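S.K.: One structure, pasted below without further comment.
The values are calculated or read from the model by the stated rules, or taken from the named source; none is laboratory data. Source: prediction; values computed, not measured. Here Cβ is always computed from backbone atoms with ideal geometry, including for glycine, and neighbour counts include all displayed protein chains.
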Amino acid sequence: EIRTPMTAILGFTDILLRNLNNPDDIESANIVKRNGEYLIGVINDILDLSKIEARKVELEQVRVNTIEVIRDIVALMQIKADLKGLELVVSFENPIPESIVTDPTRLRQILINLLGNAIKFTETGYVELRTRIINREDSFAQLQFDVIDTGIGISKTALAQIYQPFTQADNSTTRKYGG
């Protein structure tokens with residue numbers, strides 16, 4: 001029920017975009033659409049958190065093209081990095097498998113959150129998504145994704161608290177960086 005109003009807003013925004021001619025109106029409708037899509041993402045994250053806390057999350061096991069998944073995530077985050085004048089770097093420490101079995105929705109959600117936070121808290125420099133194999137056996141490979149940035153970082157005292165729900169490393173950053 002909570003997603004239904006946003007779905008309607010996005011649907012009507014698409015209809016508006018097909019019928020608009022004025023560039024300013026088109027830009028305004030696109031802003032509504034982008035923010036609506038962002039809000040749907042937030043709603044989905046909250047619903048997922050509820051499932052996690054209720055221990056009702058079911059992970060999919062789908063074979064996906066590793067490079068395609070990474071490329072799609074990076075393409076989405078590249079826009080945010082470009083807006084801040086940051087370099088978004090993708091690196092592979094070792095050859096990675098062409099395909100992996102994972103929950104693509106969860107992988108995407110995790111990497112978008114990590115990269116989004118890195119971009120949000122980095123004023124200058126770069127954000128890097130580094131991928132490497134940390135365990136390989138016959139037909140099994142375990143990948144590790146690291147997000148490295150030149151941002152403000154997290155103090156060692158705050159590091160222990162970051163895994164608590166709705167906790168921030170430093171509440172004063174909320175005003176400067178937007179939450």
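S.K.: What do you reckon, is Gly153 in a loop (DSSP other than H, G, I, E, B) and not hydroxyl-bearing (Ser, Thr, Tyr)?
M.R.: yes
S.K.: Only one of these conditions is not met by Ile96: (1) surrounded by 14 or more Cβ atoms within 10 Å (Cβ to Cβ); (2) without any contact (Cβ under 8 Å) to a residue 24 or more places away in the chain; (3) assigned to a loop (DSSP other than H, G, I, E, B). Which number is it?
M.R.: All conditions pass for Ile96, except number (2).
S.K.: Inside segment 122-141, can you point out the residues that are surrounded by fewer than 14 Cβ atoms within 10 Å (Cβ to Cβ) and of a type in the set (Asp, Glu)?
M.R.: Within segment 122-141, Glu123, Glu137, Asp138 meet the criteria.
S.K.: Another question, if that's okay. Checking the condition of a type in the set (A, V, I, L, M, F, W, C) and within 22 Å of Arg34 (Cβ to Cβ), which residue from Ile112, Ile100, Ile134, Ile67 passes?
M.R.: From the options Ile112, Ile100, Ile134, Ile67, the qualifying one is Ile112.
S.K.: Being more than 15 Å from Val147 (Cα to Cα), assigned to a helix (DSSP H, G or I) and at pLDDT 90 or above is the requirement here; does Ile52 meet it?
M.R.: Criteria not met by Ile52.
S.K.: Could you please tell me which pairs satisfy a Cβ distance under 6 Å, a separation of 6+ or placement on different chains, a first residue in segment 25-41 that is in the same structural domain as Ile9 (by TED's automatic domain parsing) and among the charged types (D, E, K, R), and a second residue that is surrounded by 15 or more Cβ atoms within 10 Å (Cβ to Cβ) and modelled with pLDDT of 90 or more?
M.R.: Lys33/Thr13
S.K.: Do the conditions hold for Glu60, that is, is it exposed (fewer than 15 other Cβ atoms within 10 Å of the Cβ), of a type outside the set (A, V, I, L, M) and farther than 30 Å from Ala8 by Cα?
M.R.: For Glu60, the condition - exposed (fewer than 15 other Cβ atoms within 10 Å of the Cβ), of a type outside the set (A, V, I, L, M) and farther than 30 Å from Ala8 by Cα - is not met.
S.K.: Among (1) under 16 Å from the mean Cα position of the chain (by Cα); (2) loosely packed, with under 15 Cβ neighbours inside 10 Å; (3) assigned to a loop (DSSP other than H, G, I, E, B), which single condition is Ile110 missing?
M.R.: (3)
S.K.: For Ile119, are the conditions met, namely being of a type in the set (Val, Ile, Thr), surrounded by 14 or more Cβ atoms within 10 Å (Cβ to Cβ) and either modelled with pLDDT of 90 or more or assigned to a helix (DSSP H, G or I) (or both)?
M.R.: Criteria met by Ile119.
S.K.: Have a look at Val74, Val69 and point out the one that is touching a strand residue (DSSP E or B) at 6+ places or on another chain (Cβ under 6 Å), in the same structural domain as Val127 (by TED's automatic domain parsing) and within 24 Å of Val147 (Cβ to Cβ).
M.R.: Val74
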